[in-house]
There are 2 protein chains.
Amino acid sequence: MESFIYYNPTKILFGRGKEEEIGEVLKGDKVKRVLFLYGRESIKKMGLYKKVVFALKNAGIEYIEHGGVKPNPLLSHTIEGIRKAKEAKVEAILGVGGGSVVDEAKAIALGVKVGEDNLWSYFRHEKEIEEALPVYDILTLAATGTEMNGNAVITHDETKEKLYISSPLLCPRVSILNPELTYSVPKEYQAYATVDVIAHLIELYFSAEYCPTLQARFIESLIKTVMETTEAILQNPTDYEARAEFMWASTLALNGLAQIGFKGGGFPNHLIAHAIGGLYDLPHGACLSLVIPAWMLWYKDKNLKQFERFAKEIFGKRQAEEGITSLKKWFQKIGSPVSFKEVGLDEKALNEIAQMVEQTAPVWGLERIYDYHTTTQILRFTLDES
Amino acid sequence: MESFIYYNPTKILFGRGKEEEIGEVLKGDKVKRVLFLYGRESIKKMGLYKKVVFALKNAGIEYIEHGGVKPNPLLSHTIEGIRKAKEAKVEAILGVGGGSVVDEAKAIALGVKVGEDNLWSYFRHEKEIEEALPVYDILTLAATGTEMNGNAVITHDETKEKLYISSPLLCPRVSILNPELTYSVPKEYQAYATVDVIAHLIELYFSAEYCPTLQARFIESLIKTVMETTEAILQNPTDYEARAEFMWASTLALNGLAQIGFKGGGFPNHLIAHAIGGLYDLPHGACLSLVIPAWMLWYKDKNLKQFERFAKEIFGKRQAEEGITSLKKWFQKIGSPVSFKEVGLDEKALNEIAQMVEQTAPVWGLERIYDYHTTTQILRFTLDES
């Protein structure tokens with residue numbers, strides 16, 4: 001195992017009805033005024049909005065609303081939130097929604113401290129994060145793992161760059177995870193969520209020079225659970241046990257535990273998928289399922305043993321290529337796209353994406369490999385599928 | 001999955017040479033004076049004592065020494081430590097050693113706040129922990145998981161009760177894990193450490209009414225790694241990779257992750273092993289290997305499917321009983337005792353142990369099952385082995 005630092009101070013409240021505790025949680029932390037962040041109408045439809053408002057009022061917490069967070073949250077909306085938060089002198093940000101809402105909550109939490117004009121330079125990794133307001137959240141879509149890590153991804157409205165920030169200071173103070181709140185996630189978004197979780201698990205597993213056996217086993221355990229529970233959820237969206245195991249697995253997939261001890265490696269599939277998502281406003285998971293099988297085919301000979309291990313452990317197959325094909329077929333089966341054609345992208349898009357990858361790769365520390373040329377090579381596997 | 005709260009704010013610094021950072025770590029947290037706790041001569045022999053002193057002096061940290069912590073740390077020595085700590089007005093406790101040292105560090109950290117006369121009532125679970133000094137540690141024996149949890153076990157000198165306290169407030173602020181510092185652990189103590197880690201992993205796995213599949217997989221992954229790395233370590237004590245994976249697995253085995261989402265269950269093997277350890281001052285792991293196969297034989301029909309799963313996943317066997325026999329043989333193979341005879345205990349001891357179990361079971365919430373009669377039934381499997 002390589003040397004590592006592990007530190008994750010997020011407190012998780014997991015289980016039925018836990019969202020009703022949000023008022024007391026904030027009060028216990030002596031928070032009196034929050035920015036209440038959410039997306040569109042879904043939290044109102046499901047009755048969660050009312051519950052949160054009731055809990056906040058009951059605990060005597062003042063709140064200022066900032067609705068309308070988009071699935072690929074935008075810098076402009078983040079900046080609006082920062083201005084509201086500063087004007088109202090809130091002491092914390094409360095995000096109620098999926099990964100996008102929590103990510104924007106983190107970006108606002110940082111922006112309040114550093115100023116809206118300076119915020120993007122943190123996403124370009126030009127400055128180091130030193131302080132942020134505390135973030136709290138109630139999660140309604142299990143996917144990104146943001147509820148228990150210090151990462152946040154925002155898209156720049158004009159340049160279309162989709163970049164991330166990362167700091168332990170951005171770990172939510174408390175995250176509330178009630179699997180029942182994910183019952184209404186539509187099947188296609190469940191599929192995208194699943195792809196995202198699998199992506200978090202396989203990025204270092206495949207791309208690292210060395211993967212400790214302990215980490216390989218941990219990751220394979222999570223992948224198996226994610227696949228089984230996804231199939232159960234698609235059959236029966238209100239299967240509590242499946243929703244619960246999926247939700248916790250998605251948290252564990254990116255709370256840092258699955259990413260330590262590796263030698264080298266990175267998040268190349270995320271790099272490319274973010275380029276696609278930023279340019280064409282496609283769901284993150286859909287972008288990932290376009291990229292992953294292509295990247296795997298391109299990469300497999302560089303780490304053949306690990307690809308063979310994956311084929312065997314996950315699909316009971318012998319050949320590396322069978323593992324890749326099985327995963328691709330499984331993505332198709334659950335309803336996530338695996339070819340450019342399915343999402344209306346073409347050769348021209350491929351070039352734009354490759355340019356964006358080359359431009360954003362330095363932020364991911366991947367500029368030595370993922371230049372324009374390499375990216376087109378990889379994406380050709382997906383394009384040719386069409 | 002059952003509802004749960006997960007919160008673990010310990011920061012882990014893992015890798016070669018990390019112990020040299022202890023001075024800067026304390027300085028970074030604005031700690032100026034610590035109680036420096038350790039066991040017997042081993043940290044001096046291995047040169048660690050000098051390194052710690054050098055690091056502390058270099059960072060301008062004052063320290064008061066409190067050596068002589070015993071393998072089953074005693075209340076009397078803890079109380080001495082509390083007095084020293086109070087007199088010197090230390091701001092934190094630094095434990096350098098194995099689980100015993102870290103446990104006593106936590107007990108002192110609590111005792112400084114609540115007073116030495118009140119301390120034992122916390123172990124009897126009569127009072128709730130509300131504050132403690134911060135604890136830091138450098139670990140030299142991977143086994144108990146204390147480096148990343150809020151638990152501590154202390155033995156009462158007179159009554160021989162061996163009881164525990166548990167609170168997130170007792171989680172070490174920072175734990176330093178350098179696998180090289182475990183190179184000098186003797187083979188028999190490595191075996192005891194291994195048994196302890198396996199015990200942490202199987203207690204709820206077997207005793208819970210319901211074990212989520214995700215948790216079963218996580219636990220089985222850890223058991224496999226623990227067994228493989230133990231064999232490698234016994235072959236070659238300076239195998240860094242094996243020491244590292246074992247060390248991190250032992251942390252993960254009791255940092256809370258492997259214990260959430262279960263329905264019911266408890267730590268019956270620990271309850272009984274602590275009774276033995278408190279009465280006869282035997283190593284904790286040795287007590288556990290005496291108890292576990294006996295408890296498993298006694299319990300297996302109450303949760304047959306899970307015992308069959310264990311047999312299959314860990315040993316590739318079909319029958320529950322084969323899994324138990326295989327585990328017992330493996331304990332023997334690595335050198336941990338599985339019969340009373342091996343450690344010089346007899347029928348009389350069995351009765352004393354069963355009495356102590358009945359007396360301490362309420363602290364573990366296990367008084368409804370583990371009375372005198374049941375405990376003698378269980379231990380008879382171990383006694384009859386003689």
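Nothing in this text is a laboratory measurement; each read-out follows from the coordinates by a stated rule. For clarity, every value in this text was computed on a predicted model and none was experimentally measured. Here the Cβ is made from the backbone with ideal geometry for all residues, glycine too, and neighbour counts use every protein chain on show.
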List the GluC sites (Glu not before Pro) within segment A:103-144 that DSSP assigns to loop and that have no more than 16 neighbouring Cβ atoms inside 10 Å. A:GLU126, A:GLU128, A:GLU130, A:GLU131
Taking +1 at the Cβ of each Lys and Arg and -1 at the Cβ of each Asp and Glu, which of B:ALA85, B:ALA107, B:GLY47 sits farthest along the dipole of segment B:33-113 towards its positive end, judged by Cα position relative to the Cα centre? B:GLY47
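May I ask you to list the GluC sites (Glu not before Pro) in segment A:36-86 that are in a DSSP loop and have at most 14 other Cβ atoms within 10 Å of their Cβ? Don't skip to the end; give the middle numbers.
Numbers: sites: A:GLU41, A:GLU62, A:GLU65, A:GLU80; in loops: A:GLU41.
Taking segment A:36-86 and a limit of 14 other Cβ atoms within 10 Å, the loop GluC sites (Glu not before Pro) found are A:GLU41.
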Return the average number of partner chain Cβ atoms within 10 angstrom of each residue Cβ along peptide A:217-223. 5
Lys/Arg Cβ at +1, Asp/Glu Cβ at -1, dipole of segment B:1-130 taken about the Cα centre: which of B:LEU26, B:ILE12, B:TYR122 is farthest positive-ward? B:LEU26
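Which links in A:LYS127/B:LYS27; B:LYS11/B:LYS113; B:LYS44/B:LYS329 stretch past 29 Å when you go from one Cα to the other? Don't jump to the answer; show the numbers that get you there.
On the way: A:LYS127/B:LYS27 24 Å; B:LYS11/B:LYS113 23 Å; B:LYS44/B:LYS329 36 Å.
Pairs exceeding 29 Å: B:LYS44/B:LYS329.
State to the nearest 20 debye the size of the charge dipole of segment B:11-181 about its Cα centre, where the only charges are +1 on K and R beta carbons and -1 on D and E beta carbons. Don't skip to the answer; put the middle values down first.
Values: 25 positive and 25 negative charges, 97 e Å.
Computed about the Cα centre, the dipole is about 460 debye.
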Shape call for segment B:187-385 from the C-alpha gyration tensor, a ≥ b ≥ c root eigenvalues: rounded (a/c under 1.5), prolate (a/b greater than b/c) or oblate? oblate
Using a 7 Å offset from the Cα along the Cα-to-Cβ direction at both B:ASP281 and A:ARG124, what is the distance between the two label points in nm, to one decimal? 6.8 nm
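Pairs of Cα atoms under 8 Å, at least six residues apart: use those to get the relative contact order of segment A:264-386, whole percent. Walk me through the numbers before you get to the answer.
Working: 148 pairs, mean separation 37.9, N = 123.
Normalised by residue count, the contact order of segment A:264-386 is 31 percent.
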On a straight-distance basis, which aspartates and glutamates could pair with A:LYS84 in a cross-link, Cα separation under 16 angstrom, same-chain partners fewer than 8 positions away excluded? A:GLU62, A:GLU65, A:GLU104, A:GLU116, A:ASP117
Just to be sure I understand the model, the point goes 7 Å from the Cα along the line to the Cβ. What's the resulting B:GLN359 to A:LYS30 distance in nm? 4.4 nm
Relative to the Cα centre, what is the charge dipole magnitude of the protein assembly as shown, using +1 at the beta carbon of each Lys and Arg, -1 at the beta carbon of each Asp and Glu, and rounding to the nearest 20 debye? 100 debye
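State, as an integer percentage, the relative contact order of segment B:215-308 based on alpha-carbon contacts under 8 Å between residues 6 or more apart.
On the way: 47 pairs, mean separation 18.5, N = 94.
Taking the mean separation of contacting Cα pairs over the length of segment B:215-308, I get 20 percent.
Over the protein assembly as shown, what is the percentage of antiparallel beta bridges among all DSSP beta bridges, to the nearest 5? It would help to have the intermediate numbers written out before the result.
On the way: 18 of 66 bridges.
Close to 25 percent.
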Just how large is the dipole of chain B about the Cα centre, in debye to the nearest 20, putting +1 at every Lys and Arg Cβ and -1 at every Asp and Glu Cβ? 700 debye
Let me know the mean shielding of A:6-17 by other chains, meaning the per-residue number of their Cβ atoms within 10 Å of its Cβ. 6
Checked chain B with the C-alpha gyration tensor, a ≥ b ≥ c its square-rooted eigenvalues, rounded below a/c of 1.5, otherwise prolate if a/b is larger than b/c and oblate if not; verdict prolate
Under-5 Å amide H pairs with A:LYS317, H placed in peptide plane, nonlocal only: A:LYS312
Mind checking which lysines have their C-alpha under 22 Å from B:LYS45, skipping anything on the same chain fewer than 8 residues away? B:LYS18, B:LYS57, B:LYS70, B:LYS187
So for the pair B:LYS348, B:GLN332, with labels modelled 7 Å out along Cα→Cβ, what separation do we get in nm? 2.8 nm
List the distances, in nm and shortest first, from the label point of A:ASP371 to the matching label points in every other copy, placing each point 7 Å from Cα along the Cα-to-Cβ direction. 7.9
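I need to check one value: relative contact order of segment A:1-147, counting alpha carbon pairs closer than 8 Å and at least 6 residues apart, in percent. Provide the component values of the computation, followed by the final result.
On the way: 221 pairs, mean separation 34.8, N = 147.
Contact order relative to length: 24 percent.
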Please list the three semi-axes, largest first and in whole Å, of the ellipsoid equivalent to the protein assembly as shown, using sqrt of 5 times the eigenvalues of its alpha carbon gyration tensor. 45, 30, 25
For segment B:76-90, Karplus couplings with θ = phi - 60° (6.51, -1.76, 1.60), whole Hz, Gly/Pro x: 4, 5, 5, 5, 4, x, 4, 4, 4, 4, 5, 4, 8, 6, 6
Before rounding to the nearest 500, sum -39500 (n - 2.57) across all DSSP H runs of length at least 4 in chain A and divide by the residue total; then give [θ] at 222 nm in deg cm²/dmol. -16500 deg cm²/dmol
For A:GLU322, label point 7 Å along C-beta direction: distances to other copies, nm: 2.5
